[in-house]
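Take a look at the structure below.
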């Protein structure tokens, strides 16, 4: 990551994410308990411990920066945000964590004027790290005790061929998602958990990720930043870039995303009938 050596914010986010990864993996090694939040989604002590570790590092890195963090928001702690703030998901893929399939991630992003400009995604159980900023995108390797990332290498999206590879959530397939995959002419489907779906596009291992179901901004921001930095895009169904900081939108939860499409090659949009994918247009 030599080209980003002077990016103190990016390196600070990596350090904070590593602190979160250490907290997550400490719990992962135990017979941990799982609780249910008010929305029935699972939460463990790993989520809480990792979030506390990340917030401590971020607050020291950039004092006064508003931080929107998943567990804090679930407890009603929503900061006033301005044009620049951080989004934190201390454990994306809690279902994967609980099921011990290793496909969970630690995610941190910086948002500026609605766009994710810096992002870090760590998948500690499988030893992978991804980072993106305005200077590029990279993939690295990490191993216990999760205090550093090694072997950073630049990554870039690829041109999609006639039968692109799609990634999708195991547990969130919908009829609209099936339509999107069919319209794109997808030849192979890969299932993976958490924000790793964005990272597969960023490293040219896949081409298309349609998410036509509910997500929150902290679920997507870091992976979105990595994908954009690698040359891809994430767009809503009106063909506009996915925006962040939606704290007060009528009919939506604070910081909820609309349906979106993540693409390694924007030309895939030419194959899609976006109106047919809209939830109000479902067949």
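Okay, here's what the table says:
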{"quantity": "Shape call, the chain: gyration tensor on alpha carbons, a/c limit 1.5", "calculated": "rounded"}
{"quantity": "Helix 8-28 vs. the chain, principal-axis angle (Cα, 0 to 90°, nearest 10)", "calculated": "80"}
{"quantity": "Alpha-carbon Rg/Rh ratio, for region 40-191, with Rh computed the Kirkwood way", "calculated": "0.99"}
{"quantity": "Region 2-154 - share of DSSP beta bridges that are antiparallel (%, nearest 5)", "calculated": "90"}
{"quantity": "Antiparallel bridge percentage (DSSP; both residues within region 165-281; nearest 5)", "calculated": "65"}
{"quantity": "Scattering profile of region 150-283 at q = 0.14, 0.16, 0.19, 0.21 Å⁻¹ [log10 I(q)/I(0), Debye over alpha-carbon scatterers]", "calculated": "-0.58, -0.76, -1.08, -1.32"}
{"quantity": "Within the chain, percent of DSSP bridges classed antiparallel, to nearest 5", "calculated": "85"}
{"quantity": "Cα gyration tensor category, rounded, prolate or oblate, for region 23-107 with a/c compared to 1.5", "calculated": "prolate"}
{"quantity": "Overall form of region 232-283 per C-alpha gyration tensor (a/c, 1.5; a/b vs b/c)", "calculated": "oblate"}
{"quantity": "On Cα atoms only, tilt of 217-229 relative to the major axis of the chain in degrees", "calculated": "70"}
{"quantity": "Cα centroid separation - region 26-69 against region 125-142, whole Å", "calculated": "21"}
{"quantity": "Computed FRET value (nearest 0.05) for residue 276 with residue 189, which takes r as the C-beta separation and R₀ as 25 Å", "calculated": "0.80"}
{"quantity": "Principal-axis tilt of helix 45-61 within the chain, Cα atoms, nearest 10 degrees", "calculated": "80"}
{"quantity": "Mean separation of Cα contacts under 8 Å, 6 or more apart, over the residue count of region 60-212: relative contact order %", "calculated": "17"}
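Readers should treat all values here as calculations from the given coordinates under stated rules, not as data from a laboratory. If you're wondering where the values come from, they're calculated on a predicted model, not measured in any experiment. Because the Cβ atoms are built from the backbone with ideal geometry, glycine has one as well, and the counts that use them run over all protein chains shown.
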